[in-house]
Amino acid sequence: MSAQLTVHNSLTRQKEIFKPINEGAIGMYVCGPTVYSDVHLGNCRTFVSFDVIYRYLLHLGYKVRYVRNITDVGHLEGDADTGAEDKISKKARLEQIEPMEVVQKYMNGFHDMMAVFNTKKPSIEPRATGHIVEQIEMVQEIIDNGYAYEKNGSVYFDTVKLAGEGDKYGKLSGRIIEDLLVETRDLKNQDEKRHPSDFAIWIKAAPEHIMRWNSPWSVGFPGWHLECSAMSTKYLGTNFDIHGGGNDLKFPHHENEIAQNYGSCNCEPANYWLHTNMLLMNGKKMSKSVDPETGISNSIAPEELFTGDNPNISKGYSPMVVRFFMLQSHYRSTLDLTDAALAAAEKGYRRLMEGNKILQALAPSKNSTAGDLDKEVNDLIQSANDDMNDDFNAPKAMARLFELVSKINGLKDGHLSIDQITATTIEKLKATFNTFIFEIFGLKDDTLSSGGNGEFETLDGLMQMVIKIRQSARQNKDWGTADTIRDTLKELKIQLKDGKEGTAWSKE
RNA sequence: GGUCGGGUGGCCGAGUGGCUAGGCUCAGGUCUGCAAAACCUGCUACCGCGGUUCGAGUCCGCGUCCGACCUCCA
């Protein structure tokens, strides 16, 4: 716990004090999606995790250039050899449309989903096809430096040469070249490679391959790993602060990225590598294959999660509930998505939002003194900040907020005395909640009618009228009318809460 | 087989040497016309076996189970 930001660096496998290259500014590159199909829910978790990291860095006052690419060429099915097919190309062939149509369609869908999850847009979102020139230049540099060789129009990275120069190849993933040799299966066109662990950085296009560009070596297309090296270098420089991505990208993608950067400029791209862990469902990896016993597949699309139209869940959950659910675990831990866990998250999310509403309406006492409670509250606020500094420990910071919610409810209930908290502390608490919930965690309060244009005011006015009518019925002991009003509202998913100081309402 | 990471109370999930995580569920209570909400109280766990230590979910060793990557998958 300290005021200093520490991050877990995958490269060294330990927490390190974060020091940006240029004071006050941060360059961050995160591997974006390959847009050949609808966005995967696990992918959403990764980007929500990095969204919180991005938001927190901004909150700390850093100027952040956040680069997240769109992979629209080069990601192959199968090994990166000429026998395999580009994912985008394949989809275009199957759907009989232009590759760029495939890309546009799924990129739009991806952007929509990112908006639904309330993630901030990156500063730059470069596309691989828009940087073919840069990639060809990088291939040439790597060849010139002797780290790559051309064979039959394709260019391969010489992993053996790099591995011979210390720990430069395999450092991130903990792999050594001898192991790679043993593990590698029978691959097509292996004879073009000098070593099985070598990987393609330029691939000669097969006749049926639609996406192709001219290059000094052949009409072809860049290897998948190359785009991230080229684009991160272009927008963040040869050495930048943070590189992130899903855990599963560590090898081969990120390892090869590092290799390419060494090969082209003998420099290590990022100082800190951050990797998010996987999202599981019912304790297992999500998989579209159907279980022969149950007849259902262990997978769910984001839309299905919202609508509830999936056998793995009992009802739909709002995007903010899902985001809250994701925030309750650390980004480096696996997260198990189950119906029960989502239901729990939904309740917790509402408790947090309700707590904040009560807090914001809280009036400080005029004759208050800083008692024990004042200190407790200040300590909890400090802890929440410290937790975020400790490798972005959002779940722990969240726990601190819930402890504060407990205090807030106590104040509302009269169980705790507001005289024990100074007006300054109340103001600080209000600001802290708004900052954490909306700015850092990126949640939105969807328990309110969020239509804007005074829609909420209208609804609230109506509700106050209904509550008044019910109140007079209650005073006349007309329980039938009072309960009819309550039950009817419940059907409309509006809950009435009878308290000591009158009745409040909220949307479920 | 190799590499990496895990096994925490009914469920989810923090926590790296001694101090209540938190959310949800469940049980009892306060309040309430009844209910809900809110509040209070209770349920006090750390895969197994060794070891280090005054003291270990927390460090070390072995075993065991699970997941990821190595092969398309975030």
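What to note about this one:
- Of all residues in the range A:13-33, those that are within 14 Å of RNA strand B (Cβ to nearest atom) and in a loop (DSSP other than H, G, I, E, B) total 4.
- A:TYR29 surrounded by 18 or more Cβ atoms within 10 Å (Cβ to Cβ) and out of contact with any His (no Cβ under 6 Å at 6 or more places or on another chain): no
- The residue of the range A:1-11 that is modelled with the highest pLDDT, among those that are part of a loop (DSSP other than H, G, I, E, B) and touching a strand residue (DSSP E or B) at 6+ places or on another chain (Cβ under 9 Å), is A:LEU5.
- Boolean, A:PHE251 is in a helix (DSSP H, G or I), in contact with a Gly (Cβ under 9 Å, 6 or more places away or on another chain) and in the same structural domain as A:GLN96 (by TED's automatic domain parsing): yes
- Evaluation of A:GLY355 against (1) within 26 Å of A:PHE50 (Cβ to Cβ); (2) surrounded by 21 or more Cβ atoms within 10 Å (Cβ to Cβ) (one fails), failing number: (1)
- Pair list, Cβ < 9 Å and 6+ apart or interchain, from the range A:148-175 residues that are within 16 Å of RNA strand B (Cβ to nearest atom) and of a type in the set (A, V, I, L, M) to residues that are open to solvent by less than 10 Å² (accessible area, probe 1.4 Å) and assigned to a strand (DSSP E or B): A:LEU172/A:TRP273
- Identity of the residue in the range A:379-411, touching an Asp or Glu at 6+ places or on another chain (Cβ under 7 Å) and within 7 Å of RNA strand B (Cβ to nearest atom), that ends up least open to solvent (accessible area, probe 1.4 Å): A:ASN393
- Enumeration of residues in the range A:226-240 that are open to solvent by 10 Å² or more (accessible area, probe 1.4 Å) and charged (D, E, K, R): A:LYS234
Let's see how each residue does on (1) over 33 Å from the mean Cα position of the chain (by Cα); (2) modelled with pLDDT of 95 or more; (3) of a type in the set (Phe, Trp, Tyr):
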residue	(1), (2), (3)
A:PRO122	no, yes, no
A:GLU125	no, yes, no
A:ASN152	yes, no, no
A:THR159	no, no, no
A:GLY164	yes, no, no
A:ASP167	no, no, no
A:GLY170	no, no, no
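- Of all the listed residues (A:GLY263, A:GLY244), the sole one being surrounded by 24 or more Cβ atoms within 10 Å (Cβ to Cβ), modelled with pLDDT of 90 or more, of a type outside the set (A, V, I, L, M) and outside any strand (DSSP E or B) is A:GLY263.
- Entry remark, the range A:34-63: residues being open to solvent by 20 Å² or more (accessible area, probe 1.4 Å) and either in the same structural domain as A:MET211 (by TED's automatic domain parsing) or not in a helix (DSSP H, G or I) (or both) number 10 in total.
- Considering (1) open to solvent by 70 Å² or more (accessible area, probe 1.4 Å); (2) in contact with a Ser or Thr (Cβ under 6 Å, 6 or more places away or on another chain), the lone condition that A:LEU496 does not fulfil carries the number (1).
- Flag if A:GLN471 is surrounded by fewer than 10 Cβ atoms within 10 Å (Cβ to Cβ), of a type outside the set (Asp, Glu) and more than 8 Å from RNA strand B (Cβ to nearest atom): no
- Check on A:SER289, modelled with pLDDT of 90 or more and more than 19 Å from the chain's Cα centre (by Cα): no
- Selection from the range A:412-443 of residues that are open to solvent by less than 30 Å² (accessible area, probe 1.4 Å), touching a Leu at 6+ places or on another chain (Cβ under 7 Å) and within 16 Å of RNA strand B (Cβ to nearest atom): A:ILE421, A:LEU429, A:PHE433, A:PHE436, A:ILE437, A:PHE441
- A residue that is in contact with a helix residue (DSSP H, G or I) (Cβ under 6 Å, 6 or more places away or on another chain) and either within 22 Å of A:ILE53 (Cβ to Cβ) or basic (Lys, Arg) (or both) occurs somewhere in the range A:358-381.
- Checked against the criteria, A:ASP379 does not count as free of Cβ contacts under 8 Å to residues at least 24 places away in the same chain and closer than 25 Å to A:GLY502 by Cβ.
- Single condition A:LYS234 does not satisfy, out of (1) more than 30 Å from A:GLN96 (Cα to Cα); (2) modelled with pLDDT under 95: (2)
The values are calculated or read from the model by the stated rules, or taken from the named source; none is laboratory data. Source: prediction; values computed, not measured. Reconstructed Cβ throughout: ideal geometry from the backbone, glycine too, with neighbour counts over all protein chains shown. Areas reflect the complete protein model, heavy atoms only, side chains present, ligands, DNA and RNA absent. Shrake-Rupley method; radii C 1.70, N 1.55, O 1.52, S 1.80 Å.
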